[in-house]
Amino acid sequence: MTVAVETGLWQLDASASTVALRHKTMWGLVTVKGTIAAVAGQGEVRPDGSAVGTLTFGVTSLDTGNAKRDAHLRGADFFDADNHPEITFAASSAELRDGDAVHVVGQLTVRGISRPLSITARLTGADADVLTLDGEFTVDRAQFGMGGGLLGMIRGLATVTTTLRFKRAAA
């Protein structure tokens, strides 16, 4: 199935988008799950079908269901929200390939540290006014200066799962 995406400006619909995190802790024995509620973004689909855009994620909206843990994750050992309140992803290229697969290349910035990130998302819906992308990728927290915690209990990769719904921006 090949899907056509309308050219123009698109605005993230935060109320219909989700960002979820999961990470194995305690040497891989326990999985901590959380969500980031504060998401914003926009993009542009160019006439050649490629796209560019930016997403921001508010670190202070991180919710794992445990207030003490959330405060620790927002602290200097992890996200350092006081100094770096947002995580950003700047997509320099997004191209629809092989039906509904969207190859996205960009820069992920966490704690003021930027690293290249390439992912393949899935275009799960598109019409003239709304498009939805689903994606999942892993991030090595150590690349962004986040420690392993006491005795290395929380090292390794964090998995990020997103459903991002965009609406055509008003002209």
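Cβ-Cβ below 9 Å, separation at least six or inter-chain, first residue in the range 52-78 and without any contact (Cβ under 8 Å) to a residue 40 or more places away in the chain and basic (K, R), second surrounded by 16 or more Cβ atoms within 10 Å (Cβ to Cβ) and not in a strand (DSSP E or B): which pairs?
From residues that are without any contact (Cβ under 8 Å) to a residue 40 or more places away in the chain and basic (K, R), the pairs are R74/V59; R74/D80; R74/A81.
Being surrounded by fewer than 16 Cβ atoms within 10 Å (Cβ to Cβ), in contact with an Asp or Glu (Cβ under 9 Å, 6 or more places away or on another chain), assigned to a strand (DSSP E or B) and at pLDDT 85 or above is the filter here, so list the residues in the range 128-158 that pass it.
V130
Just one of D80, D63 is at pLDDT 90 or above, of a type in the set (D, E) and touching a Ser or Thr at 6+ places or on another chain (Cβ under 7 Å); which is it?
Details: D80 fails: touching a Ser or Thr at 6+ places or on another chain (Cβ under 7 Å).
Result of the check over D80, D63: D63.
One line per residue, one yes/no per condition, for (1) of a type outside the set (D, E); (2) surrounded by 13 or more Cβ atoms within 10 Å (Cβ to Cβ); (3) within 15 Å of L131 (Cβ to Cβ):
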site	(1), (2), (3)
L9	yes, yes, yes
S15	yes, no, no
A37	yes, yes, no
A40	yes, yes, no
G53	yes, yes, yes
T60	yes, yes, no
G65	yes, no, no
F78	yes, yes, no
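I need the full set of residues from the range 96-117 which are under 22 Å from D48 (Cβ atoms) and in contact with a strand residue (DSSP E or B) (Cβ under 8 Å, 6 or more places away or on another chain), in order please.
From the range 96-117, those under 22 Å from D48 (Cβ atoms) are 96-107; that's our starting set.
L96, R97, D100, A101, V102, H103, V104, V105, G106, Q107, listed by residue number.
The values are calculated or read from the model by the stated rules, or taken from the named source; none is laboratory data. Just so you know, these numbers come straight off a predicted model, no measurement behind them. Cβ: placed from backbone, ideal geometry, glycine included. Neighbour counts: every protein chain shown.
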